[in-house]
Amino acid sequence: MKIKRPVLKYNNPINESKLNEMISLLEIKAGDTIVDIGGGSGNVLLQMIQNSGTQGILVETDESLIEKCRKASGGMVETGQLKLIAEDAKTFVKELEPESIDCFVCIGASYIFDTYLNFMKAIMPYLKKGGFILIGEQFWIKEPSKDYLDILGGEESESRYHYENIEAPEKLGLTYLYSNIASQYDWNKFEGDYFLEVELKALDLPETERKEFLEQRRTFRRAQYRFGRSTMGFGLYLFAKELVK
């Protein structure tokens with residue numbers, strides 16, 4: 001008897017139905033341009049642009065994930081509907097025309113710009129008036145313990161609370177529209193699949209690498225089950241730029 005390898009379609013704990021709900025709020029039409037920053041293998045972007053005539057741009061530095069997106073795109077790269085950019089997102093954004101993008105997507109990747117708000121500030125000049133930002137971001141449920149921060153190797157200030165994820169972009173002039181947060185079930189499914197994949201991946205590694213690989217990831221797993229479940233949340237947030245004049 002064997003255990004099946006899990007399928008990690010999205011690298012975040014928001015379940016697919018909640019993501020679909022958020023996407024369904026957007027009336028995506030032909031001629032729109034959507035940029036996905038740090039979008040991995042492009043699952044979210046492909047869902048947003050399929051059958052719409054919308055142009056999608058995936059910005060991702062991992063070329064293996066870029067190639068996965070190319071294979072899954074059903075020829076959209078060849079037709080020009082989808083562009084795959086293997087470039088640092090900070091550099092890419094600066095090359096855009098002002099107010100040229102209808103929607104930016106960034107799910108769990110704002111760290112590319114160092115912080116959540118830095119990401120917002122960086123893309124705002126390139127977002128059209130009336131354009132949208134769909135962003136996925138972690139948040140504190142309660143004050144994190146020193147033990148948890150030590151294991152994460154970070155500071156409490158690197159994340160905010162859920163209400164701060166909503167209110168801070170409003171101070172930049174964005175309009176908050178909607179959010180969805182991961183439930184304990186969502187976290188259980190995501191982390192369960194992730195850590196199961198870790199254990200199975202270890203079996204494919206040379207014995208000289210396996211011990212260190214497992215020690216690192218099992219330490220993180222213990223931190224998540226001891227502290228993370230009660231301390232860290234994850235939300236999807238939808239904002240607009242100058243939606244109401």
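Observations, loosely collected:
- Spherically averaged projected area in nm², based on the convex hull that wraps the Cα atoms of the stretch 31-113: 5.0
- Proximal charge balance of Q55 [Cβ under 12 Å; K/R count +1, D/E count -1]: -1
- The chain - percent relative contact order, Cα under 8 Å, separation 6 or more: 24
- In the stretch 1-124, Cα pairs under 8 Å separated by at least six residues give a relative contact order of 26 percent.
- Dividing the mean sequence gap of close Cα pairs (under 8 Å, 6+ apart) by how many residues the stretch 32-84 holds gives a relative contact order of 38 percent.
- Estimated distance in nm for a label pair at S157 and E63, the labels positioned 7 Å out from Cα along Cα-to-Cβ: 3.8
- Cα gyration tensor, the stretch 196-245 - rounded (a/c under 1.5), prolate or oblate: prolate
- Against the chain, whose longest principal axis comes from its Cα atoms, helix 63-72 is set at around 70 degrees.
- R0 of 35 Å, Cβ-Cβ distance A168-R5: FRET efficiency to nearest 0.05: 0.35
- Degrees, to the nearest 10: 207-223 long Cα axis against longest axis of the chain: 70
- Distribution of pairwise C-alpha distances over the stretch 132-245, 5 Å bins, in %: 2, 10, 17, 16, 16, 13, 10, 7, 4, 2, 1, 0, 0
- Karplus-derived HN-Hα couplings along the stretch 107-116 (A = 6.51, B = -1.76, C = 1.60, θ = phi - 60°), whole Hz, x at Gly and Pro: 10, x, 10, 5, 4, 4, 9, 6, 9, 4
- Residues considered: R218, R210, R160. Largest GNM mean-square fluctuation over the chain, using C-alpha springs under 10 Å, is found at R210.
- Rounded tilt (10° steps) of 184-202 against the dominant C-alpha axis of the chain: 60
- Neighbours of R221, meaning other residues whose beta-carbon lies under 14 angstrom from its beta-carbon, give a summed charge of +1 when Lys and Arg score +1 and Asp and Glu score -1.
- In the chain, a dipole from Cβ-located charges (positive for Lys and Arg, negative for Asp and Glu) runs towards its positive end, and of V77, L177, P13 it is P13 whose Cα lies farthest in that direction.
- Length gained on full extension, E78 to S17: 19.0 nm, using 0.36 nm per residue less the C-alpha separation.
- Beta bridges by DSSP in the chain, antiparallel share as percent, to the nearest 5: 45
- Distance from the stretch 175-218 to the stretch 59-136 (C-alpha centre basis), Å: 25
- Rounded to the nearest whole Hz, the Karplus-based 3J(HN,Hα) values (6.51 cos²θ - 1.76 cosθ + 1.60, θ = phi - 60°) of the stretch 177-182 follow the sequence 10, 6, 8, 9, 10, 6, with x at glycine and proline.
- Charge dipole of the chain about the Cα centre (unit charges at C-beta), most positive-ward option of L65, A202, I49: A202
- A dipole drawn for the stretch 100-244 from +1 and -1 charges on Cβ atoms has a positive end, and of S110, Y237, F227 the residue lying farthest that way is Y237.
- Fully extending the segment from Q50 to N188 would add 46.7 nm, taking 0.36 nm per residue of separation and subtracting the current Cα-Cα distance.
- FRET efficiency, L214 to S145 (Cβ-Cβ, R0 30 Å, nearest 0.05): 0.80
- The sum of -39500 (n - 2.57) across all DSSP H runs of n ≥ 4, divided by the residue count of the chain, sets its helix-only mean residue ellipticity at 222 nm to -11500 deg cm²/dmol.
Each reported figure results from applying straightforward, stated rules to the coordinates on display, with no laboratory input. Since the structure is predicted, the reported quantities are computational estimates derived from the model, not experimental observations. Every residue, glycine as well, gets a Cβ built from its backbone with ideal geometry; the counts of neighbours run over all protein chains shown.
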